[in-house]
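The structure appears below as structure tokens.
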Amino acid sequence: MSEFPDRFDVLVIGGGITGCGVARDAAMRGLNVALVERDDFASGTSGRSSRLIHGGIRYLEHAQLHLVYESIRERQTLLRIAPHLVKPLAFTWPIYRGARIGKLKLRAGLFLYQLMAGGRSLKHSILNAAQTLQREPRLKSEQLTGGAVYYDACTDDARLVIANALAAQQLGATILSHTRVTEIIRHGDKAVGVVARSQHSGATREIRARIIANATGVWQNAFDGDDRARRVRGSKGAHVGVARERIGNHDALTLISPLDGRVMFCLPGGSQTIIGTTDTWTEESPETVHASTADVDYLLRSVNAYFPWARLTPDDVMSAWAGIRPLASAGSSNPSAVSREHSITTDRSGVINVTGGKLTTYRSMAAEIVDRVQEALGQPKKAAATGSVALPGADRLDKITRIQLDDVSLSTPLVGGLPYTGAHLVYAVQSEMAQTLSDLLIRRTHLAFETRDHGKSVAPRAAEIVSPLLGWDDQTKNARLREYNDDIERMFAVRSAGSLDRDGRRGLE
């Protein structure tokens with residue numbers, strides 16, 4: 001929209017998966033919607049996940065049956081409405097003698113998992129040792145008693161978020177990225193809007209709304225309008241990426257860390273294998289959270305126990321990153337035991353706050369939030385068809401190919417061995433609301449994750465390609481390059497626990 005209305009029905013703060021899901025759902029119900037994101041869509045936790053859409057088999061151990069059922073249902077919904085983004089993925093779960101989860105316990109868990117899925121999942125299979133090694137021949141064979149294969153799904157987490165933002169925009173929502181909410185405007189005790197400032201131009205504007213929905217996750221503490229509001233506690237999840245051939249996994253693997261008994265994954269991720277994740281309470285800032293040397297050591301030691309011939313060392317790590325999970329409940333010393341279900345509260349100024357939840361269940365969570373919005377507006381609840389209408393982007397690769405045919409110079413790979421070309425960047429600017437080099441190289445592509453320098457060497461070329469589209473002069477281009485270098489340093493640098501980050505704040509474990 002070129003002109004703002006006098007007042008929106010609902011203003012969503014936060015452009016992660018929850019906020020973008022809420023914007024899509026609300027716009028589909030006919031509400032007048034605005035969404036404001038401080039940085040880029042999925043620039044926080046939503047773009048730093050394990051890239052899984054899963055039924056939550058590991059939650060069975062903590063008897064979180066409702067969450068498992070909801071996750072299975074939502075996984076199947078996303079496979080249906082976004083097959084270009086969400087794809088089936090086979091998991092092998094090896095079992096070794098003396099394992100915390102043995103063959104009988106795993107068999108029972110998978111039977112229950114299958115029962116809860118009904119006819120909505122491929123059947124699991126119990127394997128003997130030879131069959132397990134046939135699926136994953138580089139696994140350690142000593143003490144291997146068997147295993148199982150089951151099916152979940154994987155996704156491009158950032159692109160799933162962007163698809164929801166685009167869908168909301170196509171339905172008439174006003175979507176603003178790189179725009180920081182600096183103040184919530186209150187009339188008496190009632191929140192009636194926000195003051196927002198462009199991160200690039202510095203221009204400020206007031207955005208008025210009848211209802212404000214705060215979907216900022218671990219950033220929620222910065223917006224609590226009620227001093228009595230429960231503070232959001234975060235759990236850090238760190239991942240590392242190594243070259244796929246260093247481990248040689250065929251599919252995904254579910255593993256039990258021999259260090260602390262936690263469930264973790266070894267996942268195919270393009271040219272990489274992604275190893276994750278940790279689960280530790282943290283007081284780190286969500287802007288500067290990073291993988292520590294201790295996180296990297298934990299992940300590599302855990303995987304080396306299953307793939308001893310890999311002998312992974314920190315030199316094998318191409319990228320390491322971390323995000324903070326906002327957990328609705330934080331009463332346990334063990335964050336892995338805390339439910340991943342969400343919580344929706346309304347503070348005394350009328351701001352609807354949501355925290356917790358999972359990437360997998362974002363759509364059902366968004367529906368519940370918009371129900372709350374309509375209730376606050378005095379409207380009857382009107383369910384949106386978010387579970388039957390396809391998400392946009394299925395024609396993306398065809399459009400990128402057409403850009404390459406129109407300009408052959410845009411068909412050259414940006415980095416040898418990776419699929420990304422100049423046409424990917426052009427498409428992202430023209431069709432996916434990308435505004436910065438970080439938008440392009442971290443989230444519209446995963447080039448920053450898949451190169452040892454995190455795209456630093458290719459960033460100048462990328463800037464040359466998109467400068468005419470974004471109207472960058474030389475001064476702006478140089479500023480964007482500096483910003484990109486700062487972003488990758490902040491996101492991918494591995495520092496020891498307690499070391500000072502670039503902003504002088506001390507990382508804590």
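The values are calculated or read from the model by the stated rules, or taken from the named source; none is laboratory data. None of the values given here were measured: they were computed from a predicted structure. Positions of Cβ are generated from backbone atoms using ideal geometry, with glycine treated the same way; all protein chains shown enter the neighbour counts. Ligands, DNA and RNA are excluded from the accessible area calculation, which covers all protein heavy atoms including side chains. Shrake-Rupley method; radii C 1.70, N 1.55, O 1.52, S 1.80 Å.
In whole percent, and with a 1.4 Å probe on the protein chains, what portion of the accessible area of the chain is carbon and sulfur? Of all accessible area on the chain, carbon and sulfur atoms account for 50 percent. For L89, neighbours were defined as the other residues whose beta-carbon sits under 12 Å from its Cβ, and their charges (Lys and Arg +1, Asp and Glu -1) total +1.
Per-residue extension of 0.36 nm, minus the Cα-Cα distance of A390 and F111, leaves a gain of 97.3 nm for this segment.
Highest average first, the peptides 464-474, 243-253, 433-443 ordered by how many other beta carbon atoms sit within 10 Å of their residues are 433-443, 243-253, 464-474. Shown here are the Rg and Dmax of the Cα trace of the range 25-183, at 19.9, 61 Å.
Stokes-Einstein, applied to the Kirkwood radius of the chain over Cα pairs at a viscosity of 0.692 mPa s and 37 °C, places its translational diffusion at 139 µm² s⁻¹.
Spread over its residues, the convex hull of the C-alpha atoms of the range 52-124 is 88 Å³ per residue. Per-residue 3J(HN,Hα) values for the range 305-315, derived from phi via the Karplus relation 6.51 cos²θ - 1.76 cosθ + 1.60 with θ = phi - 60°, read 5, 9, 10, x, 6, 5, 6, 5, 10, x, 5 Hz in sequence order (x marks Gly and Pro).
Other residues whose C-beta falls under 9 angstrom from the C-beta of T145 contribute a net charge of +2, scoring Lys and Arg +1 and Asp and Glu -1. For the peptides 301-312, 154-165, 344-355, the ranking by packing is 154-165, 344-355, 301-312, with the highest mean count of neighbouring Cβ atoms within 10 Å listed first. Subtracting the Cα-Cα distance of H84 and R301 from 0.36 nm times their residue separation leaves 74.7 nm of extension gain.
If Lys and Arg each add +1 and Asp and Glu each add -1, what is the summed charge of the other residues whose beta carbon sits under 12 Å from the beta carbon of V195? Residues near V195 contribute +3 overall.
Measuring against 25 Å, Cα to Cα, the residue pairs K399/K456; K87/K382; K103/K140; K140/K236; K87/K477 contain K399/K456; K87/K382; K140/K236; K87/K477 as the ones spanning a longer distance.
Here the Debye sum runs over all C-alpha atoms of the range 431-479 as equal scatterers in vacuum, and log10 of I(q)/I(0) at q = 0.18, 0.19 Å⁻¹ comes out as -0.53, -0.59. With R₀ fixed at 41 Å, the C-beta to C-beta distance from S201 to A294 puts the FRET efficiency at about 0.50. Ligands, DNA and RNA are left out, and with a 1.4 angstrom probe the accessible area of the chain is 40 Å² per residue.
Here is how the number arises for the chain: DSSP H runs of 4 or more residues each give -39500 (n - 2.57), the sum is divided by the residue count, and the result at 222 nm is -9500 deg cm²/dmol. Calculation over all alpha carbon pairs of the range 389-462 in 5 angstrom steps from 0 returns a P(r) of 3, 17, 27, 25, 18, 7, 2, 1, 0 percent.
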